[in-house]
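See below for the structure under consideration.
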Amino acid sequence: MQNTKTMSTWNSGSEQGMGVFHICGYSQHINTAAGEKKKILVSSTFRAGGHHWAIFFRPDGFSDKSVAGIVIASKHVKLRASYELRLVDQSTGLLVSVHKEAPREFQRDKDFHSAISFFRAKRSIFESPTCLRDDCLTMECTVTVIKEPWRTGTKTIPKIQVPQSDMAGHYAKLLEEKVGVDVTFSVGGEEFAAHKVVLATRSPVFKAQLYGPLREAGAVPITIEDMQPDVFRELLHFIYTDSLPPLDYLKADARTDMIRHLLVAADRYGMERLTLMCQSILCENLCVQTVATTFALADQHQCDMLKDACLEFITCSIARDAVQRTQGYRNLKRTCPPDVIEVFEKACRFRKA
């Protein structure tokens, strides 16, 4: 089943802009006479968050001459923003904060026809000796516009396909090409070259034989008794590839015999996985002709699960009499201990009952 991964992102952010407003001749804009319209000083516009902003400064305030009025305005109808107004200390060049507004909604004002924020501040702040020098005043306004959250389009993350492991193929090639072989075995008159470290890694028996205190010294072939060359060849194949060959070159009966021999070899060299694989194959191929022989083999090599499978096959089989007429059954009675034969025959009697 092919899996796909998609990704989308929910974004939120802000954009910031700053306007600097120089006011020269500050004194000319304050203390307006009675009846005279109070002056409003307007900065040039500056951009923040994709909108134009301006500072409206009324030094004389509105109703109280001790208070100045400040309007931060944008021509946008509605938005959310924060801002800070600061004055430049002209003796040090440092900034003095006058007012800081947390994020808020800017709404349209009928007089300004813009989205505005209004606040008042004492004139004494603007007219302090450090900020007002040579009748000039400099203020900075930083506006931060909170952008509307948005979601990016859905993207499909490409899936990187990883091929199946080819390690077994490399080890099979290593065995086939015999590069770096350092041990030779003589089995039934045939010689097989291999790599000690591979054999020792896969089999505790080979490890003890090749690297243990009783290891055989010298370069002469190590002779292996009681094993056919074809069985040893398939054993090496499993050691290097962790898999059994298909054995297609053998007929059905010969394949079963090969699996039995491999089970014996696996038990001999302490290779548990191969032992279980052979048991599984023999279990799947139980029949009247093979069950007695397989039972005897299982008993000899302590394959309890395979023994139980044989007994279960007999108790469920309708051909129990045929089983007792097979050569495998006759061999079982000749080679196995009486108690083992008794277990086998008890299963047959149980079926007859």
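Since every read-out is calculated from the coordinates, none of them should be taken as a lab result. Since we're looking at a predicted model, the values are computed, not measured. Quick reminder, even Gly has a Cβ in these numbers, built from the backbone with ideal geometry, and neighbours come from all protein chains shown.
Taken along the Cα-to-beta-carbon direction at a fixed 7 Å, the label points for residue 45 and residue 343 span 9.7 nm. Remark: spin-label model distance residue 156-residue 227 equals 5.3 nm, labels positioned 7 Å along the Cα→Cβ axis. Database remark: amide H of residue 55 closer than 5 angstrom to the amide H of 43 (H placed geometrically; neighbours at sequence offset of 5 or more, or on other chains; Pro and chain starts carry no H). Neighbour counts of C-beta atoms inside 10 Å place 4, 326, 315 in the sequence 4, 315, 326, starting with the fewest. Each of 136, 303, 316 has some number of other Cβ atoms within 10 Å of its Cβ, and from fewest to most they run 316, 136, 303. Computed from the Cβ-Cβ distance with R0 of 45 Å, the FRET efficiency linking residue 94 to residue 10 stands at 0.70. Counting beta carbons within 10 Å around each of 7, 18, 277 and listing the fewest first gives the order 7, 18, 277. For the residue pairs 207/251; 173/307; 100/155; 38/78; 196/307, alpha carbon separations beyond 31 Å are given by 207/251; 173/307; 100/155; 196/307.
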